[in-house]
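Trainee: The structure under discussion is supplied below as C-alpha cells; questions concerning it will follow.
The values are calculated or read from the model by the stated rules, or taken from the named source; none is laboratory data. The model shown is predicted, which means the values in this text are computed figures rather than measured ones. Counting neighbours? That spans all protein chains shown, and the Cβs are built from the backbone with ideal geometry, glycine included. SASA here: full protein model, heavy atoms, side chains in, ligands and nucleic acids out. Shrake-Rupley method; radii C 1.70, N 1.55, O 1.52, S 1.80 Å.
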Amino acid sequence: MIRILVDADACPVKDEIYRVADRHGVAVSVVSNSPFRVPVGPMVERVVVSDGFDAADDWIAERAGATTIVITADILLADRCIKAGAPVIAPTGKPFTASSIGGAIATRAIMADLRAGGDIVGGPAPFGKTDRSRFLSALDAALVKLKRAG
C-alpha cells in the first residue's frame, strides 16, 4: 500500500498533500512533535511523537521504504529515507535522489559553517507560488510512478 509520510512541523504544503492524496486514494501520515489539526477521515493519520531530538525524523525513517513517499525539507532525514528506498520530495517540489543527496548534504554543511562564522545571515528564499506548483507536479508524478510500479 502506498503511503505519504509528512515531516509536518514546518511543512508549508500540507493542504496540497491532502488534496493530491485524496485524489489518488493514498494514505497520509502527518508526523509532528505537537498536535495540530488534520482532515478527519480514514486516509489521514496524525502521529504526534515525543519532543525528543529527531523523534519525528526517527519515526519517519523507520517506516520509509519503496512504497512510501516522504515529504521533508530536512536533508539528513531525506538521506536516511533515500537509503531505505523511499522517494523523497522537498516542499518546494525538488526531489532528493541518491545522486543529488551528497551535494545537498555538503552544501548544508558549508552553509552552516558560514552562518556560524557570521558570514551569512538569513535563511532560504520565501516560499512562493512557483514552489507550490512545482511541489504539486512532483507529488503527482511520484504517486503515478509508484502506482505503475506496483
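Trainee: Any residue at all in region 79-88 that is closer than 15 Å to Ala10 by Cβ and under 10 Å from the mean Cα position of the chain (by Cα)?
Mentor: no
Trainee: On the given criteria, is Glu62 of a type in the set (D, E, K, R) and in contact (Cβ under 8 Å) with a residue 24 or more places away in the chain?
Mentor: Here the answer is no, as Glu62 does not meet what is asked.
Trainee: Out of all the residues in region 4-29, which are over 28 Å from Gly128 (Cβ atoms) and surrounded by 14 or more Cβ atoms within 10 Å (Cβ to Cβ)?
Mentor: Ala27
Trainee: Quick check on region 30-74: of everything there that is small (Gly, Ala, Ser) and touching a Ser or Thr at 6+ places or on another chain (Cβ under 9 Å), which residue is least open to solvent (accessible area, probe 1.4 Å)?
Mentor: Ala56
Trainee: Residues that are farther than 15 Å from Ala142 by Cα, without any contact (Cβ under 8 Å) to a residue 40 or more places away in the chain and in contact with a Gly (Cβ under 6 Å, 6 or more places away or on another chain): does region 67-77 have at least one?
Mentor: Within region 67-77, not a single residue is farther than 15 Å from Ala142 by Cα, without any contact (Cβ under 8 Å) to a residue 40 or more places away in the chain and in contact with a Gly (Cβ under 6 Å, 6 or more places away or on another chain).
Trainee: Do any residues in region 138-150 that are within 13 Å of Val20 (Cβ to Cβ) have Cβ atoms under 9 Å from those of residues that are open to solvent by 90 Å² or more (accessible area, probe 1.4 Å), where the two are at least six apart or on different chains, and which pairs are they?
Mentor: From region 138-150, the pairs are Ala138/Lys94; Asp140/Arg23; Leu143/Arg23.
Trainee: Check Val144 against each of (1) surrounded by 12 or more Cβ atoms within 10 Å (Cβ to Cβ); (2) at pLDDT 95 or above and name the one condition it does not meet.
Mentor: (1)
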